[in-house]
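The next block holds one structure in the form of structure tokens; read it before the comments.
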Amino acid sequence: MNTPEKIYRYENEQEYQVLKALAQHVPKSCDLSAIINQMFVLMHNAQGIGLAAPQVGISARFFIIEIEKNRPLVFINPEIISTSTDLNIHEEGCLSLPKLYAKVQRPASVKIQARDASHRLFTLEAEDILATCIQHELDHLNGVLFIDHLNDAAREQALRRYNKIVAKEQKKAGR
Ligand code: NI
């Protein structure tokens, strides 16, 4: 695995293919520490709270989250153990579709099992924004983006907004 250099974007056809792919299981022998450190740098620079490996071009099952400052979380080979029947709606965004936000409905709480950066197994019960973030990042490992949770009309509207965001950004960059 190469050290990640940038965050992959939805509107880039090649990068889109990686974002939509099913990510592969991480072998226990795999030392991800350098990659994970670099992912935290990229995520902080982009002012994000979560970043999944496919978003930096690595089709492997791990992601990072940092909602509370200086409480970095690493999830390798995560599995959802259970989800609540009650649902929550949060406004979500994604570093692969920067500046686009949309309300997504998901289970309000989740129980997840994963390995940390040292491949130690842990279980975490999460609610509120952390539960949303975990589900959003885990989706990335299955090629699912937050806009995929919207109904057709809402997704089309969101993509129209995103096209405008991209056009504006490209104009600003003089492309
Ligand atoms: Ni995302």
(message) Given a 10 angstrom Cα cut-off, can you work out which residue in Leu95, Leu141, Leu121 is the most mobile in a GNM of the chain?
(response) Leu121
(message) Let me check something: with ligands and nucleic acids excluded, how do Tyr162, Tyr8 order by accessible area (1.4 Å probe), largest to smallest?
(response) Tyr8, Tyr162
(request) For the chain, with all protein chains present and a 1.4 Å probe, just round the carbon and sulfur fraction of the accessible area to a whole percent. (result) 47 percent
(message) Please give the charge dipole size of the range 1-94, origin at the Cα centre, charges +1 on K and R Cβ atoms and -1 on D and E Cβ atoms. Round to the nearest 20 debye.
(response) 280 debye
(request) Jot down the per residue volume, in cubic angstrom and as a whole number, of the convex hull over the alpha-carbon atoms of the chain. (result) 116 Å³
(message) Given the options Pro72, Gln47, Ser29, identify the residue whose Cα lies farthest towards the positive end of the charge dipole of the range 19-136 (+1 on Cβ of Lys, Arg; -1 on Cβ of Asp, Glu).
(response) Ser29
(message) Could you report the accessible area of Lys99 in Å², rounded to 10, computed with a 1.4 Å probe on the protein chains as they sit in the structure?
(response) 140 Å²
(message) Restricting to Cα pairs below 8 Å that are 6+ residues apart, what does the relative contact order work out to for the chain? Please round to a whole percent.
(response) 22 percent
(request) Leaving ligands, DNA and RNA out of it, rank Arg106, Arg9 by accessible area with a 1.4 Å probe, largest first. (result) Arg9, Arg106
(request) Compute the accessible area per residue over the range 109-171, keeping the other protein chains in place, probe 1.4 Å, unit Å². (result) 54 Å²
(message) Defining a contact as two alpha carbons under 8 Å apart and six or more residues distant in sequence, what relative contact order in percent does the range 76-175 show?
(response) 25 percent
(message) Through the Karplus equation 6.51 cos²θ - 1.76 cosθ + 1.60, θ set to phi - 60°, convert the phi angles of the range 127-135 into ³J(HN,Hα) values in whole Hz; use x for Gly and Pro.
(response) 9, 6, 5, 5, 5, 4, 4, 4, 5
(request) Using only Cα positions of the range 1-86, each an equal point scatterer, no hydration layer, compute I(q)/I(0) via Debye at q = 0.16, 0.21 Å⁻¹ and quote the log10 values to two decimals. (result) -0.66, -1.06
(request) Write down the accessible area per residue of the range 1-95 in Å², having rolled a 1.4 Å probe over the full set of protein chains. (result) 56 Å²
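The values are calculated or read from the model by the stated rules, or taken from the named source; none is laboratory data. Values in this document were obtained by computation on a predicted structure and should not be read as measured data. When we count neighbours, we look across all protein chains shown, and the Cβ atoms used for this are built from the backbone with ideal geometry, even at glycine. The protein model used for the area step is the full one, side chains on, heavy atoms only, and it has no ligands, DNA or RNA in it. Shrake-Rupley method; radii C 1.70, N 1.55, O 1.52, S 1.80 Å.
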